[in-house]
Each structure stands twice: as C-alpha cells, then as structure tokens.
1. Can you give me the ranges of the helices (runs of 4 or more DSSP H) entirely in segment 496-597 with at least 3 residues that are more than 23 Å from Ala301 (Cα to Cα) and at pLDDT 85 or above?
2. Taking segment 208-263 as the search range and keeping residues that are part of a loop (DSSP other than H, G, I, E, B) and under 30 Å from Lys505 (Cα atoms), which one is modelled with the highest pLDDT?
3. Can you confirm whether segment 385-393 contains a residue that is out of contact with any strand residue (DSSP E or B) (no Cβ under 7 Å at 6 or more places or on another chain) and touching a residue at least 40 places away in the same chain (Cβ under 8 Å)?
4. Among the numbered criteria (1) buried (at least 22 other Cβ atoms within 10 Å of the Cβ); (2) not in a helix (DSSP H, G or I), which one does Leu307 miss?
5. Starting from segment 139-152, take each residue that is assigned to a loop (DSSP other than H, G, I, E, B) and list its partners that are among the basic types (Lys, Arg) and modelled with pLDDT of 85 or more, counting only C-beta distances under 8 angstrom and pairs at least six apart or across chains.
6. Go through segment 468-495 and give me each residue that's surrounded by fewer than 16 Cβ atoms within 10 Å (Cβ to Cβ) and either part of a strand (DSSP E or B) or not assigned by TED's automatic domain parsing to the domain that holds Asp554 (or both).
7. Which residues, taken from segment 335-352, are part of a loop (DSSP other than H, G, I, E, B) and under 16 Å from His396 (Cβ atoms)?
8. It is to be established whether one or more residues within segment 333-343 are in contact (Cβ under 8 Å) with a residue 12 or more places away in the chain and under 42 Å from the mean Cα position of the chain (by Cα).
Amino acid sequence: MWALPEIRWATIATVLFAAGGLAQLAGASAPVWWSLYLACYVTGGWEPALAGLRALRERTLDVDLLMIVAAIGAASIGQVFDGAMLIVIFATSGALEAFATARTADSVRALLDLAPDQATRLDADGTETLVPAAVLVVGDLIRVRPGERIGADAVVVAGDSEVDQASITGESLPVVKTAGDEVFAGTLNGTGALTARVHRAAGDTVIARIVAMVEQASATKSRTQLVIERVEQRYSIGVVVATLALFTIPLLFGADLQSNLLRAMTFMIVASPCAVVLATMPPLLSAIALAGRHGVLVKSAVVMEQLADTTVVAFDKTGTLTTGAIRVADVHPAPSTGLDEEGLLRLVAAVEMHSEHPLGAAIVAAARDRGLQLPSADRFRSAPGHAVEASVDGSHVQAGKPALFDATGPAQADDLTLAQVRRVVADAHDAGRTAVAVVIDGRPAGVVVLADHIRPEAAATVAALATVTGTPPVLLTGDNAGAARSLAASTGITDVHAGLLPEDKVERVRALQQQGGRVMLVGDGVNDAPALATADLGVAMGRHGSDLALTSADAVLVRDDLATLPPLIALSRRGRRVVATNLVIAAVFITVLVAWDLLGHLPLPLGVAGHEGSTVIVGLNGLRLLTDAAWRRATRSAAA
C-alpha cells in the first residue's frame, strides 16, 4: 500500500497539517506553524496542481485547480490554515482512488495464478513432456493427474474423475467428467486421471476471458460522480472569472491595488467550495462508518451515493443465498435393514472417513455432530465419480451414485422397493439436493440426502429488497436448474437464470441495465467477478468471498449478513437527503457572503467566520448519520 506515491504524499501532508495545527494551538511562533502548513501545501498539493494543469491544457477547468488557487489565495491573505485543510481533503481523496485502482489491478493479475504455469503434453509417440501451459495449441493432448489443476480448456478423451470447477461456475460440488465432457483451465482435478484434447488457446480460456471482462468492465464502467463534481466545471469557471473580474475591473478605474487584491482574495475564500465539499462528504462518510459498524464495508463515498439509485438486485446462489457448505439434510434407511437413521449414518460415515470427496466429509461431519462412534473400515476402495466401499462390522458397505441401485433387483429390496428408493432419489434431485445411495451386502440400504443450506435471512431479505427497490430480485447462478428452482421457491424469487458461465452472468446484468434498471449484484466467487464489475453496484460476501470478488465489488458484507442490504439502501437514500440539505445551507451562506462582498464591504475576519461557520454547520449536520439511531431508522424505513 505504501508503495503508492499518492498515499505517501497524502499521509505526509496530513501529518504536517496536524503538526501545524498543534503548533498553532500551543502558541508556537508564527514562522514555525507557517512553515509546517506550507510544507503541507507542497507535499499534498503538487499532484492536484498537476492534474488541474493537465485539465487546463485540455481546455477544461476543474475543482482541483480551483482548490489549489483558493489555497494559495488563502495563504496570501494570512488564512494559511484554510488553504492547508483544502489541500489535505483533495490529497486524501486522490490517495484513496489510487489505492482502490491498484488493489483491483493486483487482484485481476492474481486471478491468472489459478491456471497452472505448466501442463503435461502427450506427444505423438506417447511420451509425456512438461511444457509451459501458454504454448499449448488447439489439438494438443494433455494428461491431468489426480490433484492437479487443469492447464487448458479441453475436452476429455479418456479417463474419468470429479473436477472442482467452483472457480468458473460457482457449483458447490465437484462435477463428474468423462469422455466428451469439457474441462476448464484453472479448475482442480479430483482423484482420477484424465486425458483431454485442448480446444481453446491459452488466451481464449474461460479464466482468461474472466480477467479480460473484469478489466474491461472496470475501465468502461460509467462513474457516477458526487453531487458537487457534477457541477464542478461550471462552478470553477464562474469563480475564477468572477475573481479575475473583481480584481481587474476596479483597477481599470483607479482602485488601490492592495485593497482590491484583498477584496478579490476575500471573494475567492468565501466563494470557494470548501463548505460545499464538506456538505457532501461528511454525510456520506458518516453513513459509510455507520454501515461499517453494522457489518458492511462501503468502499467510497461515490458508492454510498449510488446505492440510493438501486432499482433491482441480482443474487448469485452458492455461497450467497446459501452458505456454500454441504450438509446432511435427511437420512432414509430401508426398513428391511433394521437400521435407524443414526445406524445407517454410522456405517456410511465409517466408509467415508477414508474418502477425500466433499460429500464424504459432510457425512462424516454429520455423524460426529450427532456424537456417533464410528467403527473401523477395512479393505477400502474408491471408484472416482462412482462410489466408495469398505468392510464395516462384517458387512460390505457401498456409498455413491444412485446408479449403485441398478445392480440390485426388486426382489432384494424387501420393504423399501427399488421404485421407492428411486422415488426418494428423484425427490431429492427435484429439490436441488444430492442423493448418496447406500448398499449393504448387495441390497439397497437407504439414501443419504445432502444439501447446501439456505441462509436463514435470505427469504426475508428478498422480500424487503422487493419493497425497497420496487422490483423483485433476480437469481443468476452457474448451478443446475433443479437446485436453482428449489432455492428460488424457498426464497420467493421468481426470475431465475441457471447454468450460467461468467460471461452469461455479464450478459444478464447488461440486459437488466438495458431495461432501465440500476443493478446491484451480490456474489462471492471468482465466477461472479466480471458481473460484479459490470453491475452498477457489486456487493461481495466477506467471509468466504474470493479475493477477486472482494476487490471487484463496491461493497462487502463483512459478516455475510444479507439482512443488512435493505437498510443499507435506505441509509444511502437518507444520506442523499442530508447532502441536499447541506448543499442548500452552503449555497445560502456562499450567496450571502458573495453578495455582501460584491455589493458592500465584507470585512475579511467576518468573511472567514461566515465561511468557517457554514463549514461547521454542514459538517455537524452530516455527522448525525454516525448514530445508531440512524441505522434503526433506516431499518424501519426498509421494512415499511
């Protein structure tokens, strides 16, 4: 962070400003605190000055240059403190913007680390050669061993395994891959070995396209500016022209140079947008601080202002509306086995103790949560993508895909017939759950059903957001349609889009925007990052969100609490109302002081007092949003 020059200079300027203020309050001699303030001018002002001069060279005038001129003008008439304060405000703003930009760039580059640098290529004579993944071309054969990351987008030609492709699709469980299936660069192979034929060059892989989409969206995303920035060009020109006119015109008619300069500088001081800047920033920064205390990190004042415009919220599924943790939901033992739920779970968990599969880990965790003592398992065997088996308490226990039941006949099913078992499996699949078949000694013994649990606050949040925004939320997920429909039914979402790759999510977000919506997307994974950057506002889940998602997002739910979203939008809208009130107050003060200076004689001390007084008033008004009462009011407003 400190490698960024903007942050170093802003920090030094702030320290010098604080030191100057302390020296002035302590009664130090004027040269001491003047020197500290002037050093603050140099360290904090040279970058905004350069930015203003560049803008001037392009025949535009912005607040950066006006602030520097106003700061110099303030120092020229003895008000060096006011000028130094303006310098610190603008230096800090520039530093924060530079920091955010650098973090985004670093995170995008880090995403490329998901794809391995090397891959094992199978040559024409069958030999294996370790080559850089970047040199692979379409048509090359690659060998992927257990536990390796896949080096290219390819199609499996031999072998079978389970591949964790959560980084691409967001699916919470590994996906079985056999001949003819597509695999993606950067995804993690499971326990099987695969031979695959490359069908996309390194620069065209899905992971490379994610990087490109994030960079493009970050570069082209329209920047909604703060209220003051929307009028800065005209305001700056107006103040400069008026100051020059106030100084030069009286001189043409013989006015005294010193008194005329004092009057012009007084005008620039009272007309400078210091109060207007503070009219905008304190309410938004106070709202940011308040949101932070309630578990929401809002990255900038611009974002806090934009939140008020949200008209539609789109959710990712896995890890966002759900916890992303697979757990045992139901255990269905066959009555013919004489086992109850815990008895069946105990046997299956004993076998799964030796498995590396996430489903096995969830089954073992469920058994331990129930306090079950697990027996030892002998002669463990695993068929990746199909089943695991072992000998437990003298019985041969198999657990795996429902296809296991195909090896048993109806006559062996006793009370729980094969049709009934399959009905349990079908019901689980229809509900978007995963069914693990259990066979003991060649006979169907039951089904263990696993599911990704929905967050407790999800349904209430969806309903509240529909009320706050006036539009029902949308579900955008890379998961299968069955799981998506089940979750949507449980949370009250009616607009569902499933099976989406990262670029598909981006297209859906753009479609919502083209329909006139101001889109907030809530997600957590690498696969969500392009859509988070494309949306008008991106919100990431903080506890388990990927680095790229956290960086691409405009706000972060630090505690993964979806219930904070509706009051966050309501708080933003209240913050905007406070900003509008402050701007009216600042405008009245500026108008009165400027009119006084133009039409009469405004004493400099009174002008400074009025200028500083307006700054204090709008600052204190904005600080009202720091109180917990403001959050409670926002919560009530969101629930109304």
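1. Helices (runs of 4 or more DSSP H) meeting the threshold: 502-514.
2. Only one residue fits best here, namely Leu226.
3. yes
4. Status for Leu307: all satisfied but (2).
5. That search, which allows pairs on different chains as well, returns Gly139/Arg197; Asp140/Arg121; Asp140/Arg197; Ala152/Arg200.
6. Correct list: Asp495 only.
7. Leu339 - this is the single residue of segment 335-352 that is part of a loop (DSSP other than H, G, I, E, B) and under 16 Å from His396 (Cβ atoms).
8. The answer is yes, given that some residue of segment 333-343 is in contact (Cβ under 8 Å) with a residue 12 or more places away in the chain and under 42 Å from the mean Cα position of the chain (by Cα).
The values are calculated or read from the model by the stated rules, or taken from the named source; none is laboratory data. Only a predicted model underlies this, so the values are computations on that prediction, with no experimental measurement involved. Reconstructed Cβ throughout: ideal geometry from the backbone, glycine too, with neighbour counts over all protein chains shown.
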